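Engineer: To start, I am sharing the structure in question, which I have written as structure tokens.
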Amino acid sequence: MKVINHQNQFDKIRMLAALGVIISHHFSLTGTQGPFWLENRWLNWAFMGGVSVMAFLCISGYLVTQSWCREPRFFPYLWKRFVRIWPGMLGSVSICVFVFGLIFTALPTGEFLQSPQTRRFFLSNLTLVIDYNALPGVFLDQPVPLVMNGVYWTIPMEFMCYLVLGALGVLGVLRIPLLVNALALAYIAGFLVFANYDFTGQIRHWIEYPAFFIAGSWLALHNDWFQRNARRIMTFAVPLLLIVYFFTPLTATARFFLLPVLIVHIGNLPARDSWFTRLGDPSFGIYLYGFPIAQSVIAVFPHLNFWLSLALTIALSIAAGYASWMLIESRALRYKRLFARKQPASRLGQPDAR
């Protein structure tokens with residue numbers, strides 16, 4: 001399997017996806033109706049965040065599967081996933097409780113810190129398998145009261161995908177193309193038939209989003225084939241899927257087949273070394289801090305114009321994302337190979353995504 005070049009576009013895509021989540025949430029957090037050009041079935045402000053999370057899952061499935069294939073051992077694999085996510089989560093949860101929480105709660109400090117709800121918020125989110133988004137007494141007069149961080153719910157879902165992928169690797173399933181193809185096809189077919197919005201009229205995130213992770217993982221396992229045929233796929237399959245997306249009711253179905261191939265293809269395009277690549281990857285921090293920063297901006301400036309409020313939220317979230325990367329995440333990643341076997345020099349320096 002051909003590994004991807006370290007100089008690629010995935011960090012940029014993740015950053016755009018994190019900003020998409022912030023933009024999507026800002027309408028509901030401010031109680032603002034989206035403009036008419038963001039109210040159609042193709043470009044919908046309310047679903048922009050969902051599509052952004054789909055992009056995250058595609059990239060994660062693709063890169064994490066490559067990480068497993070480079071070193072197919074469960075404990076080192078799980079350790080790399082842990083150090084990529086948990087330190088950033090620890091920083092985010094701590095800031096939410098001890099900075100945003102203490103500033104914006106209506107409760108006395110002692111009562112807030114001793115509240116079972118505060119303890120549950122702190123401990124549950126750090127397990128990576130249980131999420132809890134509310135803190136007592138915060139943002140009471142806002143359109144979305146009590147909710148400190150509304151993005152945490154996706155972390156357990158992504159971590160479960162990591163665990164399932166690692167279990168399949170340990171069982172040897174990933175080394176048997178016929179079996180892994182059959183399992184991926186069975187899950188995707190089940191999603192498309194029984195949990196697809198086009199047919200059910202309901203969005204079932206815990207079934208849909210893992211399907212995007214699986215799509216990214218499948219492309220990683222067939223990376224040689226995909227890279228050889230990427231130009232043909234972009235030339236013939238992508239225009240066909242765009243026609244289905246814009247001119248038929250099957251928008252969710254077309255999006256599922258379109259998004260993974262577009263993201264993986266664009267993500268693998270080479271990137272020049274620049275100040276952006278040298279600064280690191282702030283996307284996870286932007287994603288984690290965008291929601292509480294938005295709530296805080298709205299609390300401090302309740303009458304601020306929507307677009308100015310959004311611009312301020314984005315600027316502060318980008319700053320927080322870079323701070324998280326430089327002060328916490330990048331330092332933790334120094335230990336990602338703590339339990340790894342020595343690799344050939346040609347394989348060193350390859351990226352590991354969350």
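Engineer: Scan the stretch 273-295 and give yes if some residue there is open to solvent by 30 Å² or more (accessible area, probe 1.4 Å), of a type outside the set (S, T, Y) and more than 22 Å from the chain's Cα centre (by Cα), otherwise no.
Structural biologist: The answer is yes; a qualifying residue exists.
Engineer: Only residues in the stretch 168-186 that are more than 17 Å from G216 (Cα to Cα) count as the first member; pair them with residues that are surrounded by 14 or more Cβ atoms within 10 Å (Cβ to Cβ) and among the basic types (K, R), Cβ under 9 angstrom, at least 6 apart or cross-chain, and list the lot.
Structural biologist: Once the first residue is more than 17 Å from G216 (Cα to Cα) and sits in the stretch 168-186, its partners that are surrounded by 14 or more Cβ atoms within 10 Å (Cβ to Cβ) and among the basic types (K, R) give V170/R73.
Engineer: If we scan the stretch 32-55, do we find a residue that is modelled with pLDDT under 95, of a type in the set (A, V, I, L, M), closer than 26 Å to R334 by Cβ and surrounded by 18 or more Cβ atoms within 10 Å (Cβ to Cβ)?
Structural biologist: Among the residues of the stretch 32-55, not one is modelled with pLDDT under 95, of a type in the set (A, V, I, L, M), closer than 26 Å to R334 by Cβ and surrounded by 18 or more Cβ atoms within 10 Å (Cβ to Cβ), which makes the answer no.
Engineer: So which residues in the stretch 306-317 are without any contact (Cβ under 8 Å) to a residue 40 or more places away in the chain and surrounded by 16 or more Cβ atoms within 10 Å (Cβ to Cβ)?
Structural biologist: Within the stretch 306-317, L312, L316 meet the criteria.
Engineer: Checking V99 against (1) over 21 Å from A254 (Cα atoms); (2) open to solvent by less than 10 Å² (accessible area, probe 1.4 Å); (3) β-branched (V, I, T): exactly one of these is not met. Which one?
Structural biologist: For V99, the exception is condition (2).
Engineer: Shifting gears a bit: Only one of these conditions is not met by P302: (1) modelled with pLDDT of 95 or more; (2) under 20 Å from G20 (Cβ atoms); (3) open to solvent by 60 Å² or more (accessible area, probe 1.4 Å); (4) over 18 Å from the mean Cα position of the chain (by Cα). Which number is it?
Structural biologist: Of everything listed in (1) modelled with pLDDT of 95 or more; (2) under 20 Å from G20 (Cβ atoms); (3) open to solvent by 60 Å² or more (accessible area, probe 1.4 Å); (4) over 18 Å from the mean Cα position of the chain (by Cα), P302 misses just condition (2).
Engineer: While we're on this one: Limited to the stretch 141-158, what total is found for residues that are open to solvent by 20 Å² or more (accessible area, probe 1.4 Å) and of a type in the set (F, W, Y)?
Structural biologist: Going through the stretch 141-158 one residue at a time, the tally reaches 1.
Engineer: Which condition number does L126 fail, the rest of (1) open to solvent by less than 10 Å² (accessible area, probe 1.4 Å); (2) closer than 23 Å to Y77 by Cα being met?
Structural biologist: Condition not satisfied by L126: (1).
Engineer: When the stretch 188-221 is examined, which residues are found to be in contact (Cβ under 8 Å) with a residue 12 or more places away in the chain, open to solvent by less than 60 Å² (accessible area, probe 1.4 Å) and not in a helix (DSSP H, G or I)?
Structural biologist: A195, N196
Engineer: Considering only the stretch 244-270, how many residues are part of a helix (DSSP H, G or I) and either within 16 Å of G50 (Cα to Cα) or modelled with pLDDT under 95 (or both)?
Structural biologist: Of the residues in the stretch 244-270, 15 are part of a helix (DSSP H, G or I) and either within 16 Å of G50 (Cα to Cα) or modelled with pLDDT under 95 (or both).
Engineer: How many of the residues in the stretch 159-178 are more than 14 Å from I214 (Cβ to Cβ), over 24 Å from the mean Cα position of the chain (by Cα) and not charged (D, E, K, R)?
Structural biologist: Counting residues in the stretch 159-178 that are more than 14 Å from I214 (Cβ to Cβ), over 24 Å from the mean Cα position of the chain (by Cα) and not charged (D, E, K, R) gives 6.
Engineer: Okay, next question. Please specify each residue of the stretch 318-335 satisfying the condition of being among the polar types (S, T, N, Q) and surrounded by fewer than 17 Cβ atoms within 10 Å (Cβ to Cβ).
Structural biologist: S330
The values are calculated or read from the model by the stated rules, or taken from the named source; none is laboratory data. What you are looking at is a predicted structure, and each value in this text was computed from that prediction instead of being measured. FYI the Cβ positions are ideal-geometry reconstructions off the backbone, even for glycines, and counts take in every protein chain you see. Areas reflect the complete protein model, heavy atoms only, side chains present, ligands, DNA and RNA absent. Shrake-Rupley method; radii C 1.70, N 1.55, O 1.52, S 1.80 Å.
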